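Everything on this sheet refers to the single structure shown next.
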Amino acid sequence: MNETASTDLTTQLDRGGAVVRAAVETMPSRPGVYRMLDRKGDAVYVGKAKNLRKRVVTYAHVGKLPVRLRRMIAETQSVEVVVTHTEVEALLLESNLIKKLKPRYNVLLRDDKSFPYILLTADGEWPQVVKYRGSRSAPGEYFGPFASAGAVNRTLASLQRAFLLRSCSDSVFKSRSRPCLLYQIKRCAAPCVGHISEPEYAALVEEARQFLSGRSQQIQRKLATRMEAASAELRYEAAAAYRDRIRALTQIQAKQDINLAGVGDADVIAIHQTGGRTCIQVFFFRAGRNYGNRAYFPRHDPDELVDRVLAAFLGQFYDNKPVPRTVLLSLVPTELTLIEKALRAHSGHAVDIRTPQRGAKRKLVDHALANAEEALARHLAEKSSQQRLLDGVTEVFGLDGRPQRIEIYDNSHVGGTHAVGGMVVAGPDGFIKNAYRKFNIKSAARDGGPGTIAPGDDYGMMREVLRRRFARALKEDPERSAEHWPDLVLIDGGRGQLNAALAVLADLGIEDLALVAIAKGADRDAGRESFHMPDRRSFSLPPKDPVLYFLQRLRDEAHRFAIGSHRGRRSKAIGTSILDQVDGIGARRKRALLNHFGSAAGVAKAGLGDLEAVAGISKSVAKKVYDHFHADG
């Protein structure tokens with residue numbers, strides 16, 4: 001570090017220390033949460049304290065702080081506090097704020113996915129068993145969480161074979177006139193067409209509930225008794241059906257790999273740290289069965305102690321997830337008692353957190369720990385490979401340094417309709433999916449005036465997407481100091497798309513952003529792409545170059561995301577109608593009008609008397625519909 005930089009850092013540290021000392025003078029000696037804010041007002045660190053004054057004053061002695069905290073104090077421009085009643089409340093609030101604000105000096109858990117569940121519905125005469133993800137607001141019983149959608153799908157397939165419960169939607173169920181394929185392959189009892197009575201179906205539902213609640217042995221013994229009785233009575237087809245159901249149940253349990261005898265619901269959490277990186281493996285056990293596992297790689301300072309990382313993980317992980325009654329850990333985190341109290345307050349029931357030292361539970365923890373070690377080794381190897389690929393990208397495009405954030409853009413439309421632009425983001429750890437963005441392209445009919453986009457104008461679509469993206473970025477961060485500014489922008493297209501993008505960036509005053517257009521080769525063959533850059537002749541890479549494969553993967557991910565967003569918008573549009581714009585027309589009246597006239601266009605052309613003749617449409621509503629379509633007539 002040169003002398004000028006050292007002087008600047010000393011000045012910033014002195015100023016930061018003065019800010020902390022000034023804040024402490026008016027700070028209460030009560031439990032609460034404190035936030036260190038930078039000059040833009042963004043949180044750089046969030047912490048909790050049993051005594052705010054005593055805790056925060058330690059940051060004023062900058063000479064005694066480790067390097068990481070000195071950097072934090074150097075960036076601190078102000079300190080904000082929130083007083084709580086107890087330290088437990090402070091811990092819960094701290095975890096919530098860390099997940100929301102993502103301060104860069106905290107341990108951060110990247111957890112952008114909700115867990116899937118199995119839902120046994122309870123809002124109809126014929127309950128169904130389905131996969132469910134999201135807030136658990138639908139009526140019924142939830143079983144899970146499962147670590148992945150694949151684990152749910154495999155379990156559901158076996159459950160259907162074992163209990164023959166329907167999985168179709170209510171609309172499909174009500175419209176059936178004959179059994180579907182699932183009945184033919186013996187995965188549904190076909191209640192839709194009366195192949196099973198309501199009491200018999202209710203008995204299957206109860207058996208499924210008991211099995212998912214952990215009484216699997218009881219259900220299997222019951223089925224075995226029925227199979228033997230059917231066989232003794234020479235009802236071999238019925239006996240074979242019971243046999244198939246027993247096999248399906250056995251298959252579910254065989255896929256659990258390991259079981260947790262003696263504990264109903266539990267999470268097994270193991271942490272492994274090496275090379276300044278950490279992996280945390282979470283195994284989910286419900287009703288004694290293994291519902292899968294998931295690996296997490298929290299972001300933290302390389303010098304952060306492993307017990308502190310685990311403590312931070314527990315608070316953030318359970319902030320928005322149900323807490324089981326038992327949590328088994330591979331080591332004791334800091335402030336274990338406080339964490340236990342916080343999880344108890346959050347869940348509303350007793351939570352037993354322990355670190356088993358021997359026996360079956362220790363074997364489970366060791367199994368999770370071995371998985372954590374293997375996952376971290378794979379992660380570090382993949383990251384090393386990713387770093388080499390990014391170094392290759394740096395060399396190919398002549399960048400100033402290894403890109404930390406790459407943004408890739410693509411558009412999708414059919415004949416210019418329902419056009420959507422997609423932005424995907426990649427970095428040293430791979431794709432950053434919570435940073436993906438979609439842009440609904442505005443049509444000329446909606447925009448009007450100059451700057452509108454003609455249907456199918458790919459250049460215009462690209463201009464709009466980039467203008468919206470970077471105009472907003474400039475507004476929010478004019479000094480381009482935040483992490484969400486890209487080091488490299490890739491766009492799908494050729495020299496035309498490149499020039500369109502350059503024009504937009506020039507209008508915004510952005511002239512130092514690395515920009516590359518990727519054009520597909522002849523016959524749109526992968527491996528024959530050409531690359532276009534400003535002030536440089538177009539070029540290609542050798543067909544087997546690893547960097548080419550990497551760039552193809554980035555481009556294909558943007559293409560996949562844009563197409564998916566376009567299909568979602570198009571599907572949503574299919575369900576809309578011009579009748580939705582008429583005040584007072586709900587689903588029931590819209591259905592009555594469409595059934596009577598055959599289409600929305602027929603409704604628009606109908607006379608007032610014809611509208612009044614529709615069943616369920618009063619004269620006042622008919623007049624409202626007529627006036628809507630004939631206001632200018």
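In region 158-173, the residues that are touching a residue at least 24 places away in the same chain (Cβ under 8 Å) form Cβ pairs under 6 Å with partners that are of a type in the set (Val, Ile, Thr), at six or more places apart or across chains, as follows: Ser158/Ile252; Leu159/Val129; Leu165/Val129; Ser167/Val130. I'd like the full set of residues that are under 14 Å from Pro127 (Cα atoms), open to solvent by 60 Å² or more (accessible area, probe 1.4 Å) and either touching a Gly at 6+ places or on another chain (Cβ under 8 Å) or at pLDDT 85 or above (or both), limited to region 167-196. The answer is Asp170, and nothing else. Scan region 106-161 for residues that are in contact with a Gly (Cβ under 7 Å, 6 or more places away or on another chain) and in a helix (DSSP H, G or I) and jot them down. Once the filter is applied, which keeps residues that are in contact with a Gly (Cβ under 7 Å, 6 or more places away or on another chain) and in a helix (DSSP H, G or I), region 106-161 yields only Ala151.
Tell me, please, whether a residue that is touching a residue at least 24 places away in the same chain (Cβ under 8 Å), surrounded by fewer than 19 Cβ atoms within 10 Å (Cβ to Cβ), in contact with a helix residue (DSSP H, G or I) (Cβ under 9 Å, 6 or more places away or on another chain) and in a loop (DSSP other than H, G, I, E, B) can be found in region 97-104. Yes, there is a match, as at least one residue in region 97-104 is touching a residue at least 24 places away in the same chain (Cβ under 8 Å), surrounded by fewer than 19 Cβ atoms within 10 Å (Cβ to Cβ), in contact with a helix residue (DSSP H, G or I) (Cβ under 9 Å, 6 or more places away or on another chain) and in a loop (DSSP other than H, G, I, E, B).
Of Lys544, Lys520, Lys572, which residue is under 35 Å from the mean Cα position of the chain (by Cα), more than 28 Å from Leu466 (Cα to Cα), at pLDDT below 90 and open to solvent by 30 Å² or more (accessible area, probe 1.4 Å)?
On the way: Lys520 fails: more than 28 Å from Leu466 (Cα to Cα); Lys572 fails: more than 28 Å from Leu466 (Cα to Cα).
Sole residue among the options that is under 35 Å from the mean Cα position of the chain (by Cα), more than 28 Å from Leu466 (Cα to Cα), at pLDDT below 90 and open to solvent by 30 Å² or more (accessible area, probe 1.4 Å): Lys544.
Region 409-515 holds helices (runs of 4 or more DSSP H) entirely within its bounds, and those carrying 2 or more residues that are at pLDDT below 85 and either acidic (Asp, Glu) or within 17 Å of His532 (Cα to Cα) (or both) map to 458-476. Being open to solvent by less than 50 Å² (accessible area, probe 1.4 Å) and under 25 Å from Ile219 (Cα atoms) is true of Tyr142. Could you go through region 314-324 and let me know if any residue there is buried (at least 21 other Cβ atoms within 10 Å of the Cβ) and over 28 Å from Phe143 (Cβ atoms). Looking for residues that are buried (at least 21 other Cβ atoms within 10 Å of the Cβ) and over 28 Å from Phe143 (Cβ atoms), one finds none in region 314-324, hence no. Regarding Thr58, is this residue modelled with pLDDT under 95 and open to solvent by 70 Å² or more (accessible area, probe 1.4 Å)? Judged against the criteria, Thr58 is not a match.
Only one residue in Arg53, Arg70, Arg133 is more than 24 Å from Ser347 (Cβ to Cβ), free of Cβ contacts under 8 Å to residues at least 40 places away in the same chain and either open to solvent by less than 20 Å² (accessible area, probe 1.4 Å) or not hydrophobic (A, V, I, L, M, F, W, C) (or both). Which one?
Values: Arg70 fails: free of Cβ contacts under 8 Å to residues at least 40 places away in the same chain; Arg133 fails: more than 24 Å from Ser347 (Cβ to Cβ).
Going through Arg53, Arg70, Arg133 in turn, just one is more than 24 Å from Ser347 (Cβ to Cβ), free of Cβ contacts under 8 Å to residues at least 40 places away in the same chain and either open to solvent by less than 20 Å² (accessible area, probe 1.4 Å) or not hydrophobic (A, V, I, L, M, F, W, C) (or both): Arg53.
Taken together, the criteria exclude Arg154 from residues that are open to solvent by 70 Å² or more (accessible area, probe 1.4 Å) and over 16 Å from Arg289 (Cα atoms). Selection of region 268-284 for residues being open to solvent by less than 10 Å² (accessible area, probe 1.4 Å) and over 24 Å from Asp352 (Cβ atoms) yields Thr278, Cys279.
The values are calculated or read from the model by the stated rules, or taken from the named source; none is laboratory data. All values derive from a computational prediction rather than experimental measurement. Here the Cβ is made from the backbone with ideal geometry for all residues, glycine too, and neighbour counts use every protein chain on show. The accessibility values were calculated without ligands, DNA or RNA, using every heavy atom of the protein model including side chains. Shrake-Rupley method; radii C 1.70, N 1.55, O 1.52, S 1.80 Å.
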